[in-house]
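The values are calculated or read from the model by the stated rules, or taken from the named source; none is laboratory data. Quick caveat, the model's predicted, so the values are computed rather than measured. Note: ideal-geometry Cβ built from the backbone for every residue, glycine included; neighbour counts use all protein chains shown.
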Amino acid sequence: MVNKQLFNKQIIKKWWFWVIVVVVLGLIGMATGGNEINTPASNTNNSTLQTTGTLPALNKTDYKNKEGLVVFKDLAAKGYAVTAKYVNKAVPSTNQEFTDQFKSADANSCQDRLGFDAYLVSDLTQTGDSVALTLTNVSTSNQTCPAGTADDRN
């Protein structure tokens, strides 16, 4: 007789039933909420690099064949950890790191820009928030200061 009276009462009308439901749903939400996977859409021509960092994925075509120093400074200003290396497959002994030189150079200096203007970005590889620039050397006889630079040549 006691069991029939307990089951005859509607459990959904009890306040403690709803507290238990809310707590259980909250625990389930917390347990599964952090497991979402965000993957960027794949691009068949690989012009957009995928990244798992906090900064956005870069589009290679936006930086290819541009001055290495300018691209280096632009990406560093945006918060990327940038490295730059000149690569010549035909003459590997000429391969050279430019990261330190680019860090100390000024993209607004005519002298610095003319000193590095022959080094263009041929490839860009992004891993998270790190970007590796591959540079190529293009001969130039440019002796005029690029727009927006101060003529600081001696």
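Could you list, in sequence order, the residues of region 122-133 that are under 11 Å from V82 (Cα atoms), more than 8 Å from the chain's Cα centre (by Cα) and not hydrophobic (A, V, I, L, M, F, W, C)? Lay out the reasoning, then the answer.
Taking region 122-133 as the starting set, the residues that turn out to be under 11 Å from V82 (Cα atoms) are 124-127, 129-133.
So of that shortlist, the ones also more than 8 Å from the chain's Cα centre (by Cα) come out as 124-125, 132-133.
Within region 122-133, just T125 meets the criteria.
Can you find a residue in region 54-66 that is farther than 24 Å from Q111 by Cα, basic (K, R) and not in a helix (DSSP H, G or I)? Even if it seems obvious, please write down each step before you answer.
Initial filter on region 54-66 (farther than 24 Å from Q111 by Cα): 54-62.
With the extra rule that they be basic (K, R), the set shrinks to 60.
If we keep only those that are not in a helix (DSSP H, G or I) too, we end up with none.
For region 54-66, residues farther than 24 Å from Q111 by Cα, basic (K, R) and not in a helix (DSSP H, G or I): absent.
In region 3-46, how many residues are at pLDDT 50 or above and of a type in the set (S, T, Y)?
1
Could you go through region 119-126 and let me know if any residue there is farther than 20 Å from L75 by Cα and modelled with pLDDT of 80 or more.
Scanning region 119-126 turns up no residue that is farther than 20 Å from L75 by Cα and modelled with pLDDT of 80 or more.
Which of (1) in the same structural domain as A132 (by TED's automatic domain parsing); (2) modelled with pLDDT under 85; (3) surrounded by 10 or more Cβ atoms within 10 Å (Cβ to Cβ) does A84 not meet, given it meets every other one?
Failed condition: (2).
Can you tell me which residues in region 85-118 are out of contact with any Leu (no Cβ under 8 Å at 6 or more places or on another chain) and in a loop (DSSP other than H, G, I, E, B)?
At the first step, the residues of region 85-118 found to be out of contact with any Leu (no Cβ under 8 Å at 6 or more places or on another chain) are 88-97, 99-101, 103-104, 106, 108-111, 114-115, 118.
Those that are out of contact with any Leu (no Cβ under 8 Å at 6 or more places or on another chain) and in a loop (DSSP other than H, G, I, E, B): N88, K89, A90, V91, N95, D106, N108, A118.
Please work out which one of (1) at pLDDT below 85; (2) within 23 Å of K60 (Cα to Cα) is the condition R153 fails and give its number.
Every condition holds for R153 apart from (2).
Is it true that D117 is surrounded by 15 or more Cβ atoms within 10 Å (Cβ to Cβ), farther than 16 Å from A105 by Cβ and not polar (S, T, N, Q)? Talk me through it step by step, then tell me what you get.
Values: surrounded by 15 or more Cβ atoms within 10 Å (Cβ to Cβ): yes; farther than 16 Å from A105 by Cβ: no; not polar (S, T, N, Q): yes.
For D117, the condition - surrounded by 15 or more Cβ atoms within 10 Å (Cβ to Cβ), farther than 16 Å from A105 by Cβ and not polar (S, T, N, Q) - is not met.
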